[in-house]
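Student: There's a structure below that I have some questions on.
Just so you know, all these numbers are worked out from the coordinates, no wet-lab data involved. Remember, predicted model here, so these are calculated numbers, not experimental data. Ideal geometry is used to build each Cβ from the backbone, glycine not excepted, and the neighbour counts take in all protein chains shown.
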Amino acid sequence: MKAEVTTLDNKSAGSIELADAVFGVTPRRDILHRVVTWQLAKRREGNHATKERHAIQGSGAKIWAQKGTGRARHSSRKAPQFRGGGVAHCPRVHDHAHKLTKKLRALGLRCALSAKQAEGKLVILDEAAMADAKTKSLMAKLANLGWSDVLIIDGGELDPHLTRAAGNLSAVQVMASAGANVYDILRRDTLVLTKSAVELLEARLA
């Protein structure tokens, strides 16, 4: 399929041929959901925890005799039923990450790219570079292009001027093609790929 190429100054820069195997796949919501869930699970720190019985400081001695007192049988004050004791069935520090096959991850990325293409929210950029690192200049260019919430993916090294100018804008995200992922593509309204990023992504997902 063919796609028009534009510049940051909103001028035409010809066209480019997009691979149907990467940008023409029928998007599957179930695959996208699995990949996004996998990504977010990997990001979780999993450091939420409370003290169990073994982590409570204090004596572990039996608080009173097993028989003859007329009271219930207990061991130590660390038991969960006592004030200051450990918590029963509490959360523990653990890793939330789970495995997902490479084929499924690649299919998820193809589905995300194809979904943006099908929605008409995929833009091909000639190059992602600016003459200066002015946030005001970048905002003017984005307003002229009609982009409010955008992810710009470039191939190879990122332009330092563009990266610095976009650093003050919460609705603008810039990344290299090596870091392209399903979650960031779906969370932004507009996806912008440079021609070099298209070549690298097609080589990666072919």
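Student: Along the charge dipole of the stretch 1-148, which of 87, 125, 33 sits closest to the positive end, that is, farthest toward it, with unit charges on the beta carbon of Lys, Arg, Asp and Glu (+1, +1, -1, -1)?
Tutor: Of the options given, the answer is 87.
Student: Let me ask something additional. If we sort 22-29, 132-139, 162-169, 56-63 on the protection proxy, mean other Cβ atoms within 10 Å, highest first, what's the order?
Tutor: 162-169, 22-29, 132-139, 56-63
Student: First select every other residue whose beta carbon is under 10 angstrom from the beta carbon of residue 31; then total the charges, Lys and Arg +1, Asp and Glu -1.
Tutor: Local charge sum for residue 31: +4.
Student: Continuing with this model, one more query. If you place +1 on the Cβ of every Lys and Arg and -1 on the Cβ of every Asp and Glu, how big does the dipole about the Cα centre of the stretch 47-95 come out, in debye to the nearest 20?
Tutor: So the magnitude is around 340 debye.
Student: So how tilted is helix 29-43 from the main axis of the chain? Cα-based, degrees 0 to 90, rounded to 10.
Tutor: 60 degrees
Student: Pull out a ≥ b ≥ c, the square roots of the eigenvalues of the alpha-carbon gyration tensor of the stretch 1-108, then state rounded if a/c is under 1.5, prolate if not and a/b is larger than b/c, and oblate in the remaining case.
Tutor: Taking the square roots of the gyration eigenvalues as a ≥ b ≥ c, the stretch 1-108 is prolate.
Student: Please pull out the direction-averaged projected area of the stretch 32-92, using the convex hull of its alpha-carbon atoms, in nm² to one decimal place.
Tutor: Taking a quarter of the hull surface, the average projection is 6.1 nm².
Student: What angle, in degrees between 0 and 90 and rounded to the nearest 10, separates the Cα long axis of helix 135-145 from the longest principal axis of the Cα atoms of the chain?
Tutor: The two axes meet at around 70 degrees.
Student: I would also like to ask the following. Quick one, which of [x] 16.9; [y] 20.8; [z] 18.0 is the actual Kirkwood radius over Cα pairs in Å calculated for this model?
Tutor: [y]
Student: While we're here: Can you give me the relative contact order of the chain as a percent, contacts being Cα pairs under 8 Å and 6 or more apart?
Tutor: Normalised by residue count, the contact order of the chain is 25 percent.
Student: Place a point 7 Å from Cα of residue 189 in the direction of its Cβ. Which residues in the stretch 126-146 have their backbone N less than 18 Å from it?
Tutor: It comes to 138-146, nothing else.
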